[in-house]
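*Asks:* This is the structure, below, for whatever I ask next.
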Amino acid sequence: MTVPNILLVAALSTPLVMLAACISRRLRARICGWLAVAPLPGLAAALASPDQAVPVVFPPPLRMTLALDRPGALLLGLASLLWALAGAYARADLRGDPEAGRFAEWWLLTLSGSLAVFMAADLVSFYLTYSIVSLAAWGLIVHDGTVDSRRAAAIYLALAVLGEAFLLMAFVFMAQNTADGSLMIRAAVAALPGSPWRAASLTLLLLGFGLKIGTVPGHVWMPLAYRAAPIPAAAALSGAAVKAGLIGLIRFLPLATAMPAWGEALAAAGLLSAFYGVAIGITQDDPKTVLAYSSVSQMGLLAAALGMGWAAGDANAALGVSFSASNHILVKGGLFLAVGVAAAGPRLRRVLWPAVILALSLAGLPLTGGALGKMAVKGALGHGVVGALANAAAAGSTLLMLHFLRRLVTLATPARAAKAWAAGSWLTTAFLAIALPWILYPLAQSGPRLGALNLAALWQGLWPIVLGGIAAAILWGSGIVLPRCPPGDIVIAGERAARSMTGCAKAIEKADTMLREWPVACLSLLIIVFLLATALWVRP
């Protein structure tokens, strides 16, 4: 077995071995101090093998196949890095928490699925690892044990199970059409364009992965879950775990086959999410909730870029989208850590200045990783209507991020995090989020780095920022008070409908009980007979 293959196995097994060690009470009490170590083999695997040629095939009874291509390596490497940095933050954040051991167990289980999903090469392995990262995150969301946390976790779990049901049906349809009964993802995707179940498979894939990346209306879990989860968990979930849905779209959609109707439908859903996330996000007061709606918007833009690439049959769109997503991993994770630092006390707020750069990077600020990310997906989005809408969404992201920064500096929520560890993890994440995109950009194969420095590219990235800043100045200067939308927005209407249905059910049950009483039943029968007889008598 080669070194890259050994590292792939280690990336999968290390979190699971540490999880097994939690059986010992002594080790369980100390495991929180080692959470930052668990994802490091994943980082090493991504560095050692950016384009894995020989897959790792486990013998029966495991029957798992691991492989790593360039999009998977980009996402695996940055996700591993964020999990390590968030783990270092969690070491301090959980100090003195009596439930720290339980949190660490859910953390390690979620981590194992989050990393393995980028390496899974067959349908069964992908579904297993995808289910782990989706379901185990429930334990991180519900950790605080408050009413809001339990509600958020319940809604998250319900939608996660629904998404997995969609994917299970899609994988069954895909497996039915592969040559020689192969369960390899590449074989299933290659056979998909000619499959008699193509429409059903693609619909289920888009529904399942769309729920994971927060495509409207399946976005409702994001603001609830990210707000309820502790800071390090929110950072890891929003930056890394959510990319399980994106790698699913990249892996399972037949991007090399031009399907204009399907691709444009995905792009339309993505653009709707991009604008919707901004519209609802600017009505929020809690900075974690604002970041959640920003994730809805940003993941929508990535889905739009992937959809337009699919519509044109451009398989290279996957590489540009994966690079842009890898930038989003560290930026969004870093901003959540910044919320924790801001909550740790006024003295630490002087180290928050990089948050301005990271926040505006999401809108494509020139000379940042966000600008490089926009260049990486520019070819897929094009210069037509979709490209113009993407630029408008970038202006909206500027407005939303300025709103986030405004809420961040006024944050007064107490936090448990030790100040030194909080500041150190945050500043390291911020530095890497600014520097690494310039190092990794050649992997996106979207042109030289110097292309981001010419005047046309600088202006292309700057004018949406200026436009968003003007919109923010007008909004705040005019004193307009926006209506407050509760976190989760449309799920509130669903909960109200459910409560009203419960009331209706009780009323029906009460009426049924009353009608089954003999006097009432007899009287009702007599009235019905009388009405029928009258109707027959007056019939012409």
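The values are calculated or read from the model by the stated rules, or taken from the named source; none is laboratory data. Note that the coordinates shown come from a computational prediction; the quantities given were computed from them, not determined experimentally. Please note: Cβ atoms are built from the backbone with ideal geometry, for glycine as well, and neighbour counts cover all protein chains shown. The area values use the complete protein model at the heavy-atom level, side chains included, leaving out ligands, DNA and RNA. Shrake-Rupley method; radii C 1.70, N 1.55, O 1.52, S 1.80 Å.
*Asks:* Which order do peptides 115-126, 356-367 fall in by mean Cβ count within 10 Å, highest first?
*Replies:* The densest-packed peptide leads the list: 115-126, 356-367.
*Asks:* Rounded, prolate or oblate: which fits the range 361-404, taking a ≥ b ≥ c as square roots of the Cα gyration tensor eigenvalues, rounded meaning a/c under 1.5, else prolate when a/b beats b/c?
*Replies:* Oblate is the answer for the range 361-404, as a/c is 1.5 or above yet b/c matches or exceeds a/b.
*Asks:* Enter the accessible area per residue of the range 54-143 (Å², integer; probe 1.4 Å; all protein chains in place).
*Replies:* 29
*Asks:* Taking loop as defined by DSSP and a crowding limit of 11 other beta carbons within 10 Å, which trypsin sites (Lys or Arg not before Pro) in the range 67-171 fit?
*Replies:* none
*Asks:* Tally Lys and Arg at +1 and Asp and Glu at -1 over the other residues with C-beta under 15 Å from the C-beta of residue 237: what net charge comes out?
*Replies:* Net local charge, residue 237 excluded: +3.
*Asks:* Sort the following peptides by mean Cβ neighbour count (other Cβ atoms within 10 Å, averaged over residues), highest first: 170-177, 213-220.
*Replies:* The peptides rank, most packed first, as 213-220, 170-177.
*Asks:* Residue 122's amide H: which non-local residues (gap 5+, or another chain) put their own amide H closer than 5 Å, with H modeled 1.01 Å from N in plane and none for Pro or chain starts?
*Replies:* 65, 185
*Asks:* Given a 1.4 Å probe and every protein chain left where it sits, what share in percent of the accessible area of the chain is carbon and sulfur?
*Replies:* On the chain, the fraction of accessible area on carbon and sulfur atoms equals 71 percent.
*Asks:* Please report the accessible area of residue 127 (heavy atoms, 1.4 Å probe, ligands and nucleic acids excluded) in Å², nearest 10.
*Replies:* 60
*Asks:* Next question, about the same structure. To the nearest 20 debye, what charge dipole does the chain have about its Cα centre, counting +1 at the Cβ of each Lys and Arg and -1 at the Cβ of each Asp and Glu?
*Replies:* 1080
*Asks:* Follow-up question, since we're still on this one. For the chain, the longest stretch holding no GluC sites (Glu not before Pro) located in a DSSP loop with at most 16 other Cβ atoms within 10 Å is which?
*Replies:* That would be 100-516.
*Asks:* Using C-alpha positions alone, give me the convex hull volume of the chain per residue in cubic angstrom.
*Replies:* About 229 Å³ per residue, rounded to a whole number.
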